[in-house]
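The values are calculated or read from the model by the stated rules, or taken from the named source; none is laboratory data. Every value quoted in this text rests on a predicted model; they were computed, and no experiment measured them. Methodologically, a virtual Cβ is constructed for each residue, glycine included, from the backbone with ideal geometry; neighbour enumeration extends over all protein chains shown.
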Amino acid sequence: MFSPKDVALTRKRIREKVPLIHNITNVVVTQITANMLLALGASPAMVNAREEVEEFVIKANALVINLGTITHFQAESMKLAAKMADNHHIPWVMDPVGIGAISYRSHVALDLLAYHPSVIRGNPSEIIGLNAMVHRHPLMGGRGVDSLARSDEALLAAQSLAQYSQSIVSISGKTDYVTDGKQVVAIHNGDAMMPYVTGLGCSATAITAACLAVQQSKIAAAVHAMVLLGVAGERAAKQVKGPGSLCVAILDELYQMDEATLLHASKIEPIQ
Amino acid sequence: MFSPKDVALTRKRIREKVPLIHNITNVVVTQITANMLLALGASPAMVNAREEVEEFVIKANALVINLGTITHFQAESMKLAAKMADNHHIPWVMDPVGIGAISYRSHVALDLLAYHPSVIRGNPSEIIGLNAMVHRHPLMGGRGVDSLARSDEALLAAQSLAQYSQSIVSISGKTDYVTDGKQVVAIHNGDAMMPYVTGLGCSATAITAACLAVQQSKIAAAVHAMVLLGVAGERAAKQVKGPGSLCVAILDELYQMDEATLLHASKIEPIQ
Amino acid sequence: MFSPKDVALTRKRIREKVPLIHNITNVVVTQITANMLLALGASPAMVNAREEVEEFVIKANALVINLGTITHFQAESMKLAAKMADNHHIPWVMDPVGIGAISYRSHVALDLLAYHPSVIRGNPSEIIGLNAMVHRHPLMGGRGVDSLARSDEALLAAQSLAQYSQSIVSISGKTDYVTDGKQVVAIHNGDAMMPYVTGLGCSATAITAACLAVQQSKIAAAVHAMVLLGVAGERAAKQVKGPGSLCVAILDELYQMDEATLLHASKIEPIQ
């Protein structure tokens, strides 16, 4: 389930099935998210209107809800879409951008948990913040949308949040961690230049949705997504001298990524 | 009207006149659309507010209405702008993104037809979907925003839609087709990697608007636009290894495109 | 204050402090703005909701308000955020995109002046337009969002506007000018290809905010920002053949920019 061969199989299935991914996401990352999904072989669609989301989400193979630039109009659409996805067993991923740092969206995120996200994917501050919210702890984390905490510091919070929410929790960082509350898998791919490109975390969320659309095991899908982006990122980083060309090269790498590359480069470590 | 020399003349006039293109478009493609128009030599402006669109559109040389991430606020602005454009004989292009797949926007698109778009430019599923709407057929097409149909399959729908709407209809695909309901022109430029970059269809729409701003013949403008983007795309595709660098290279090619390139590379075939 | 060494010091401090920059900006430039700030070493966050801006802005080290695609919802958030920034002495920059060309946003800009922007950064048409507004002159400038006037033609308007508003005024153009109403500083960096990339003016605004977050002198911050972007732009332009790759290369240059480069390339001329 966590072997490089499994990652390669997920990648192949995305190309074959071309899953439709419904994104309700923030206005900063719409373009890069769509381009990442296209490069991977999926079919992205951004549909936000409350008049449209319920009709559309049931055609989709997976849903992304990203709270990065939430408004109250978008919050309403998010709840409608998440509820419908939950009712129709359509897998969905929540990206709690800025949770813990900003009250309004933190409450929206709590409300959305009622609709059983398959995966919650965030940076360490966001996972710490959301876990504190669900346990009514005082908020600890978060300044803006970039993380102040390290991913290993957020691991206990992730396990606690996964147990509470029954969702897989995926934390990005120098090492990525994915957990279902008991099992913990570490992914050692990626490059230190990646945080200098906006939207790569949000892209990881969208790629997680694409993996969920073709992979029954939620924890495997979450792991495979971090490997796919991490391998693309570290291969791209070797070719470039800054974040502008890194972003371009990641798209090229994701498009070209084949089984041989993944067998060679995937670094997955089940640690618990 | 359809010779490579005519395309080169349109391209030259855009550089000389620097037409102001008013875009009411979706949040995924705002940046790439603006960059495409700038690379071509036009002056893009994105103005969405209902308080602003009527005042602004009459200063513009052409209007783009793209339904990709429509909300009811944007729908209101679209109707105000299209009505004003129609009244003031400002050419405008409608891009019916996702029409046929989603009900709400399909009805907005129908309403907008009353304001006589100069050109309707979409992918095969969208043209099939819109034509079915206007003839009250059961909807046939569309899953998301990517097309499931081929452009030649949509050609009859395009001719029917053009006759009904009195608009030019432009279909993108492996071969692009442009029709006024009787005459049909095929464009054989472009590259198979182009659908892996988000917003190239929407960019074709915006380039169509720029061509309309300097070219009296609506059908010629629609044809020239598909050639300009297609030639840029196929020249760019030869230099790159993936969709990230393809997008960058298309902008460079569009910026550099000169008469010699167009005379050599344009592949226009009036077929009916 | 205006020496190349001072620019290098500001650049170094941004890397060290990683200032949080709150952006309420337009939907065309969100991605490029965030990427520019990240490449520079700052931490960008786009937060627009009226439920969130007051809570968030007081955590930020500087605020950007950009009127490029304003709606009445965003106008409300802008006023709330600017008022709070003013009350809490958080520096903020206004980018009056399209002011002078469009009435609604021109009135919003006038209202925002009451909250004392640290810097107003615009193109020549916008500065001429805003100055005409504050002095109740008939509007002179502006067609769309690209400037019809040259930066030297706007200099008198800039000085008048700076005196009226007590803000620093920064005009971008072939030569950039920064003034506090009395002192005038010219910056001779940049490249003629830069206007063919969307969002570079808006990026200059965001970079100005990042400089304000680490530099007490408002006029120095405004000058340093134009040098940083101008040097990145002219170095990038030497490597590329069009605006697509120019944008990518500017991000790389901004990321790599070190003291030696700035000492060598900065062209600052206090002229009054």
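Under the condition of being without any contact (Cβ under 8 Å) to a residue 24 or more places away in the chain and either more than 7 Å from chain B (Cβ to nearest Cβ) or in contact with a Phe, Trp or Tyr (Cβ under 8 Å, 6 or more places away or on another chain) (or both), the residues counted in the stretch A:243-252 number 2. Every listed requirement among (1) surrounded by fewer than 23 Cβ atoms within 10 Å (Cβ to Cβ); (2) within 14 Å of chain C (Cβ to nearest Cβ) is met by A:Gly199 save one, (1). Just one of the listed residues (A:Gln239, A:Gln216, A:Gln272, A:Gln256) is free of Cβ contacts under 8 Å to residues at least 12 places away in the same chain and farther than 30 Å from C:Gln239 by Cβ, and it is A:Gln216. Checked against (1) more than 14 Å from every other protein chain (Cβ to nearest Cβ); (2) more than 22 Å from B:Ser147 (Cβ to Cβ), B:Ala225 meets all criteria but (2). Exactly one residue among C:Ala209, C:Ala265 is closer than 28 Å to B:Met46 by Cα, more than 14 Å from chain B (Cβ to nearest Cβ) and among the aliphatic types (A, V, I, L, M), and that residue is C:Ala209.
If I go through the stretch C:158-203 residue by residue, how many of them are farther than 28 Å from B:Ile32 by Cβ and among the polar types (S, T, N, Q)? So the answer is 9.
Being hydroxyl-bearing (Ser, Thr, Tyr) and within 20 Å of A:Leu200 (Cα to Cα) holds for only one residue in A:Ser160, A:Ser106, A:Ser77, A:Ser147, and it is A:Ser147. Within the stretch A:133-146, one or more residues are in a helix (DSSP H, G or I) and touching a strand residue (DSSP E or B) at 6+ places or on another chain (Cβ under 9 Å).
A:Ser151 fulfils the conditions (1) away from every other protein chain (no Cβ under 14 Å); (2) surrounded by fewer than 24 Cβ atoms within 10 Å (Cβ to Cβ); (3) farther than 17 Å from A:Val223 by Cβ except for a single criterion, (3). Residues in the stretch C:99-113: is at least one touching an Asp or Glu at 6+ places or on another chain (Cβ under 7 Å), aromatic (Phe, Trp, Tyr) and either over 30 Å from C:Val240 (Cα atoms) or within 14 Å of another protein chain (Cβ to nearest Cβ) (or both)? Yes: one or more hits.
Which numbered condition in (1) of a type in the set (Gly, Ala, Ser); (2) more than 15 Å from B:Leu212 (Cβ to Cβ); (3) buried (at least 24 other Cβ atoms within 10 Å of the Cβ) is the only one that B:Ala114 fails? B:Ala114 satisfies all of (1) of a type in the set (Gly, Ala, Ser); (2) more than 15 Å from B:Leu212 (Cβ to Cβ); (3) buried (at least 24 other Cβ atoms within 10 Å of the Cβ) except (3). Look at C:Ile58 and say whether it is surrounded by fewer than 24 Cβ atoms within 10 Å (Cβ to Cβ) and β-branched (Val, Ile, Thr). When the stated conditions are applied, C:Ile58 passes them. Contact annotation: no residue pair with Cβ atoms under 9 Å, 6 or more positions apart or on different chains, pairs a residue in the stretch C:155-170 that is part of a loop (DSSP other than H, G, I, E, B) with a partner that is buried (at least 23 other Cβ atoms within 10 Å of the Cβ) and of a type in the set (Phe, Trp, Tyr). Looking across the stretch B:49-74, just one residue is in contact with a strand residue (DSSP E or B) (Cβ under 6 Å, 6 or more places away or on another chain), within 7 Å of chain C (Cβ to nearest Cβ) and under 28 Å from A:Met78 (Cβ atoms), and that is B:Glu52.
Apart from one condition, C:Asn23 fits all of (1) under 15 Å from the mean Cα position of the chain (by Cα); (2) over 29 Å from C:Leu148 (Cβ atoms); (3) within 14 Å of chain A (Cβ to nearest Cβ); the exception is (2). The residues of the stretch A:164-176 that are more than 12 Å from the chain's Cα centre (by Cα) and crowded, with 23+ Cβ neighbours inside 10 Å amount to a single one, A:Ser167.
Taking the criterion of being within 17 Å of C:Cys202 (Cα to Cα) and free of Cβ contacts under 8 Å to residues at least 60 places away in the same chain, the residues of the stretch C:109-122 that qualify are C:Ala109, C:Pro117, C:Ile120. Only residues that are over 21 Å from the mean Cα position of the chain (by Cα) and either at pLDDT below 95 or surrounded by fewer than 15 Cβ atoms within 10 Å (Cβ to Cβ) (or both) were counted across the stretch B:257-272, and they come to 6. Screening the candidates C:Leu67, C:Leu156, C:Leu113, C:Leu148 for the property of being closer than 20 Å to C:Val47 by Cα and touching a helix residue (DSSP H, G or I) at 6+ places or on another chain (Cβ under 9 Å) yields one hit, C:Leu67. Of all residues in the stretch B:32-42, those that are surrounded by 24 or more Cβ atoms within 10 Å (Cβ to Cβ) and facing chain C (nearest Cβ under 7 Å) total 3. Among the candidates A:Val231, A:Val240, A:Val248, which residue alone is hydrophobic (A, V, I, L, M, F, W, C) and surrounded by fewer than 21 Cβ atoms within 10 Å (Cβ to Cβ)? Answer to the check: A:Val240. For the stretch B:27-64, which positions are closer than 27 Å to B:Gly230 by Cα and either charged (D, E, K, R) or touching a His at 6+ places or on another chain (Cβ under 9 Å) (or both)? The answer is B:Pro44, B:Ala45, B:Met46, B:Ala60, B:Asn61, B:Ala62, B:Leu63, B:Val64.
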